[in-house]
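Student: One structure follows; several queries about it will come next.
Please treat every number below as a calculation from the coordinates, not as lab data. Just so it is clear, the structure is predicted and the values come from calculations on it, not from any experiment. With ideal geometry, Cβ positions are generated from the backbone for all residues, glycine too; neighbour counts draw on all protein chains shown.
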Amino acid sequence: MTNRQKNETEKATAAAMKEASRAAASPYRPRYHIMPASGWLNDPNGLIQYRGRFHVFYQHHPFAPAFGSMHWGHVVSSDLVHWERLPVALAPDPAEEEGCFSGSAVARGGTLALLYTSHSDRRDPKEQQCLALSRDGVRFLKSTANPVIPRLPANAGENGLTGDFRDPKVFWDRGCWNLVAGASADGKGLALLYRSRSLTRWRFQGVLCQSDGTQGSMWECPDFFPLGGRHVLMISPMNMPGHKNLFLIGEYDAARGRFSPQAQQEADFGHDFYAAQTFETADGRRVLIGWMDAWDDVFPTRADGWAGALTLPRELSLDSTGRVRTRPVREAELLRKNRLIDFGFRLIHHSAGNISEITGDSLEIALSALFDDPSCREFVVVLRASPDGGCRTELRYLPQERRLTLDTTRAGAGRTGTVSVQLAAPEPEKTPGLRLRIYVDRCSLEIFVNDGETVLSERIYPARDALAYDLRAVGGDCEMQSVAAWELEDIWEPGESVPGTAKEGLVQNA
Ligand code: FRU
């Protein structure tokens with residue numbers, strides 16, 4: 001780095017620190033979700049439990065609240081819900097690359113290794129896989145062996161490979177390192193499989209799996225993992241309208257390095273979910289975190305100097321019908337402060353919901369409704385409503401059709417609309433009710449339905465006084481078996497306003 005570049009970096013860093021105070025004061029600043037101290041965040045990267053702490057990295061532009069020169073932001077936690085900022089872990093080398101794109105982390109002996117995509121539109125090839133290493137889990141040095149995978153394989157067995165080749169996800173399996181990366185050929189998404197003993201020299205094994213022609217033109221952020229005796233390939237397909245992030249569930253032939261999907265499932269039905277990644281905790285749980293936005297979003301928080309947030313960590317499991325269930329990790333309960341309400345009652349049709357104790361912008365609401373009156377046509381949960389009701393989000397459920405609709409058309413600023421999900425028929429021995437666990441943060445909703453059957457993530461930007469909640473039964477009554485709500489903690493307070501940040505990370509890396 002020249003002196004001039006160093007000066008420029010320092011100036012930009014000082015500006016980022018100033019932006020961080022502005023972002024901390026943003027009325028939309030999440031209270032318990034991972035967000036950038038300032039600037040831009042997209043994909044979660046490098047999820048790992050390393051020396052007892054959980055590390056989350058993320059795609060980050062420290063100098064503007066918009067996609068740009070991609071760095072790796074970094075936070076750590078000892079319990080998956082209370083996060084602390086660490087210095088930026090990776091910065092692009094201005095001579096070599098425009099961005100350090102998405103990737104993953106593994107622990108090799110005592111070393112924490114990050115595998116990421118070096119991206120530059122000015123270089124051919126534009127995407128190469130690279131390695132960075134750290135002994136303390138804080139400072140990372142790029143490997144002198146970079147790029148560890150310099151180009152797409154000549155023998156990929158595919159014509160028409162584009163230059164897209166990114167988002168390496170590494171895992172240990174059968175005595176060696178395995179890496180899956182996303183690619184694109186002939187208008188179809190692909191997941192390529194590599195193996196290595198060293199992390200620096202990789203051998204191309206073949207195409208792990210490819211789109212059947214309906215599953216998008218490029219598979220971003222592929223992740224491959226065992227779950228409940230099967231295997232799941234999770235992908236973020238580009239150009240697959242109406243779909244964001246899919247679980248492909250099937251069988252893995254490890255000897256041939258081929259995965260055969262047998263079922264496909266949406267990882268999240270909300271509009272704001274993409275580029276999710278998983279990792280395995282020391283106690284054997286498969287935990288997922290996603291980017292809680294979408295590329296086509298409007299980002300009202302840009303005006304406050306920041307944009308982008310990650311979902312709560314979620315635990316995945318496979319149920320007896322072979323579907324993936326997604327529940328908030330049990331540690332999410334640590335965020336509960338005071339309980340606002342916990343009781344059951346009969347919800348009489350057309351009357352108010354009797355839950356005025358529930359108020360605020362940082363809540364967990366858990367409810368269980370039973371539809372024992374056949375004349376009840378609709379059940380509505382009103383969220384983040386302003387005193388005059390002009391601003392509000394509605395979750396509407398049609399019990400007979402088992403259809404759930406999230407309506408954000410009057411939610412406030414940002415992109416708004418409706419999204420609908422068809423819920424599965426209940427298993428014969430289970431009660432045909434609706435169970436919801438709703439996480440409200442200042443500018444987001446995460447709605448977990450029927451013990452993880454479905455989840456919807458949505459960013460909303462309501463008016464500041466939109467803090468009320470209500471329930472409604474239409475046409476008939478319904479039985480609220482239980483309604484509980486807790487106010488949740490603000491993990492970034494007090495004083496956790498500043499990036500800790502960029503300066504060290506930027507200088508160390510260049
Ligand atoms: C997914 C993605 C990745 C890429 C990263 C760049 O959202 O496009 O494929 O590595 O974002 O920030």
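Student: Taking the 0 to 90 degree range and rounding to the nearest ten, how far is the long axis of helix 3-24 tilted relative to the main principal axis of the chain, both from C-alpha atoms?
Tutor: Compared with the principal axis, the helix lies near 10 degrees.
Student: Given the C-alpha centroids of the range 155-219 and the range 423-487, what is the distance between them in whole angstrom?
Tutor: Using only Cα atoms to place each centre, the spacing works out to 38 Å.
Student: Convex hull volume of the Cα atoms in the range 281-414, per residue, in Å³?
Tutor: On the way: hull volume 26.7 nm³, N = 134.
Looking at the range 281-414, the number lands at 199 Å³ per residue.
Student: Could you size up the charge dipole of the chain around its Cα centre, putting +1 on the beta carbon of Lys and Arg and -1 on that of Asp and Glu, and report it in debye to the nearest 20? Intermediate values should be presented prior to the final figure.
Tutor: Values: 58 positive and 65 negative charges, 295 e Å.
Around 1420 debye, computed over the chain.
Student: List the residues, sorted by chain then number, that are 5 or more residues from R325 or on another chain and whose placed amide H is less than 5 Å from its amide H.
Tutor: Hits under the 5 Å cutoff: S317, L318, D319.
Student: Set Lys and Arg Cβ to +1 and Asp and Glu Cβ to -1, take the dipole of the range 387-436 about its Cα centre, and tell me which of G433, L423, G389 lies farthest positive.
Tutor: G389
Student: Amide H of D477: which non-local residues (sequence gap of 5 or more, or other chain) have their own amide H closer than 5 Å, using H built in the peptide plane?
Tutor: When sequence neighbours closer than 5 places are left aside, the close amide H contacts are H349, C376.
Student: Place a point 7 Å from Cα of T214 in the direction of its Cβ. Which residues in the range 244-273 have their backbone N less than 12 Å from it?
Tutor: Once the point is set 7 Å along Cα→Cβ of T214, 263-265 turn out to lie under 12 Å by backbone N, inside the range 244-273.
Student: Would you mind calculating the gained length between A303 and D319 on full extension (0.36 nm times residue separation, minus the Cα-Cα distance), in nm to one decimal? Mind dumping the intermediate values first?
Tutor: Details: separation 16, 0.36 × 16 = 5.76 nm, distance 4.32 nm.
That pair, A303 and D319, stretches by 1.4 nm at full extension.
Student: Hey, got the dipole for the range 290-394? About the Cα centre, +1 on K and R Cβ, -1 on D and E Cβ, debye to the nearest 20?
Tutor: That gives a dipole near 240 debye.
Student: Between R201 and N239, what length comes free when the chain is fully extended (0.36 nm per residue of separation minus the Cα-Cα distance, one decimal in nm)? Present the calculation step by step, with values, prior to reporting the outcome.
Tutor: Working: separation 38, 0.36 × 38 = 13.68 nm, distance 3.25 nm.
Separation in residues times 0.36 nm, less the Cα-Cα distance, equals 10.4 nm.
Student: At what distance in angstrom do the alpha carbon centres of the range 40-114 and the range 353-410 lie from each other?
Tutor: The distance from the Cα centre of the range 40-114 to that of the range 353-410 comes to 37 Å.
Student: Taking 8 Å as the Cα distance limit and 6 or more residues as the minimum spacing, I'd like the relative contact order of the chain as a percentage. Write down the numbers at each step before the final one.
Tutor: Values: 1397 pairs, mean separation 82.8, N = 510.
So the answer I get is 16 percent.
Student: So for the chain, if I pair up every lysine 8 or more residues apart or on another chain, how many of those pairs have alpha-carbons under 28 Å apart?
Tutor: Pairs that pass both the separation and distance tests number 18.
Student: At D173 and D79, where each label point lies 7 Å from the Cα along Cα→Cβ, what is the point-to-point distance in nanometres?
Tutor: 3.5 nm
Student: Among Q210, L141, L86, whose Cα lies farthest out toward the positive end of the dipole of the chain, if unit charges sit on the beta carbon of Lys, Arg (+1) and Asp, Glu (-1)?
Tutor: Sorting the options by dipole projection puts first L141.
Student: In debye, nearest 20, what is the charge dipole magnitude of the range 1-102 about its Cα centre with +1 on Lys and Arg Cβ and -1 on Asp and Glu Cβ, if you could check? Walk me through the numbers on the way to the answer.
Tutor: Working: 10 positive and 10 negative charges, 95 e Å.
Using only the charged Cβ atoms, the result is roughly 460 debye.
Student: Run the numbers for Q481 and K18: contour at 0.36 nm per residue of separation, minus the present Cα-Cα distance, in nm.
Tutor: Gain in length upon complete extension: 161.8 nm.
Student: To continue, here is another question. What nm value, rounded to one decimal, do you get for the distance between R410 and L141 when each label is placed 7 Å out toward the C-beta?
Tutor: 6.1 nm
Student: Can I ask one more? Do any trypsin sites (Lys or Arg not before Pro) in the range 1-53 lie in a DSSP loop with no more than 13 other beta carbon atoms within 10 Å, and if so, which?
Tutor: Qualifying residues, ordered by number: R51.
Student: What is the calculated FRET efficiency for L370 to E251, with r their C-beta to C-beta distance and R₀ = 41 Å, to the nearest 0.05?
Tutor: That gives a FRET efficiency of 0.60.
Student: Can you give the log10 of the normalised intensity I(q)/I(0) at q = 0.16, 0.18, 0.20, 0.33 Å⁻¹, computed with Debye over equal Cα scatterers of the range 255-298?
Tutor: Taking Cα atoms of the range 255-298 as identical point scatterers yields -0.67, -0.78, -0.87, -1.08.
Student: Another one. What FRET efficiency do you get for A154 and N3 if R0 is 41 Å and r is their Cβ-Cβ distance, rounded to the nearest 0.05? It would help to have the intermediate numbers written out before the result.
Tutor: Working: r = 42 Å, r/R0 = 1.03.
It comes out at approximately 0.45.
Student: Above 14 Å lies some portion of the pair distances; for the range 69-158, what is it as a whole percent of all C-alpha pairs?
Tutor: 68 percent
Student: Hey, another quick one. Roughly what would the spin-label model give for K11 and R464, points 7 Å off Cα along C-beta, in nm?
Tutor: Computed distance between label sites K11 and R464 equals 3.5 nm.
Student: Still on this structure, please answer the following. Only helical DSSP H runs with n ≥ 4 go in: add -39500 (n - 2.57) per run for the chain, normalise by residue count and round the 222 nm mean residue ellipticity to 500 deg cm²/dmol.
Tutor: Using -39500 (n - 2.57) per qualifying helix, the result is -2000 deg cm²/dmol.
Student: Here's another thing I want to ask about it. In 10 Å bins starting at 0, how do the alpha-carbon pair distances of the range 1-142 split up by percent?
Tutor: Going from the shortest bin to the longest, the percentages are 12, 40, 35, 13, 0.
Student: Kindly state, to the nearest 0.05, the FRET efficiency for R230 paired with D186, given R0 = 35 Å and r defined as their beta-carbon distance.
Tutor: With R0 = 35 Å, the Cβ-Cβ based efficiency is 0.80.
Student: Taking the chain, how much of its Cα-Cα pair set, in percent, is spaced more than 35 angstrom apart?
Tutor: Distances greater than 35 Å cover 34 percent of the Cα pairs.
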